[in-house]
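Below is one structure, written out as structure tokens; the observations come after it.
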Amino acid sequence: MQITSIIAIYALFWVMCAFLLLPFGVKTADEAGVQKVPGQADSAPANFRPSRVIFRATLIAAALTAFFVANYTQQWITVDDIDLLGRYAPPPEGA
């Protein structure tokens, strides 16, 4: 697998992880007990920390990418393992 493919897979995992981690640990102004800014939405976060989201997304994406590359090289899980409907026919030998 080429390094550019690994970087692209890492970027995809990172974006997915970042979006999945956004709602965790965030409190609204009412939950945190702080005063709201005039015009602020009721659901706006009062304690959003983007550095924490970036750090966690980086760690999780690195682990997922490492697992993906290891599975790609070692072939632990293949298409045959997840073909539940039996529709995948491997190419003939020598093709």
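The values are calculated or read from the model by the stated rules, or taken from the named source; none is laboratory data. Since the model is a prediction, treat every value here as computed from it, not as a measurement. Note: ideal-geometry Cβ built from the backbone for every residue, glycine included; neighbour counts use all protein chains shown. Only protein heavy atoms, including side chains, enter the accessible area calculation; ligands, DNA and RNA are left aside. Shrake-Rupley method; radii C 1.70, N 1.55, O 1.52, S 1.80 Å.
Among the residues of the range 22-41, those that are over 30 Å from Ala66 (Cα atoms), open to solvent by less than 100 Å² (accessible area, probe 1.4 Å) and part of a loop (DSSP other than H, G, I, E, B) comprise Gly33, Val34, Lys36, Val37, Gly39, Gln40, Ala41.
Quick one: which residue in Ala46, Ala62 is under 22 Å from Ile9 (Cα atoms), within 27 Å of the chain's Cα centre (by Cα) and not charged (D, E, K, R)? The unique qualifying residue is Ala62. Pairing each residue of the range 53-74 that is among the charged types (D, E, K, R) with any residue that is open to solvent by less than 60 Å² (accessible area, probe 1.4 Å) and assigned to a helix (DSSP H, G or I), provided the two are 6+ apart or on different chains, yields C-beta distances under 8 Å for Arg56/Cys17; Arg56/Leu21. Checked against the criterion of being open to solvent by 70 Å² or more (accessible area, probe 1.4 Å) and part of a loop (DSSP other than H, G, I, E, B), the candidates Phe48, Phe19 yield just one match: Phe48. When the range 51-82 is filtered for residues that are surrounded by 12 or more Cβ atoms within 10 Å (Cβ to Cβ) and either farther than 24 Å from Met16 by Cβ or among the polar types (S, T, N, Q) (or both), the ones remaining, listed by number, are Thr58, Thr65, Asn71.
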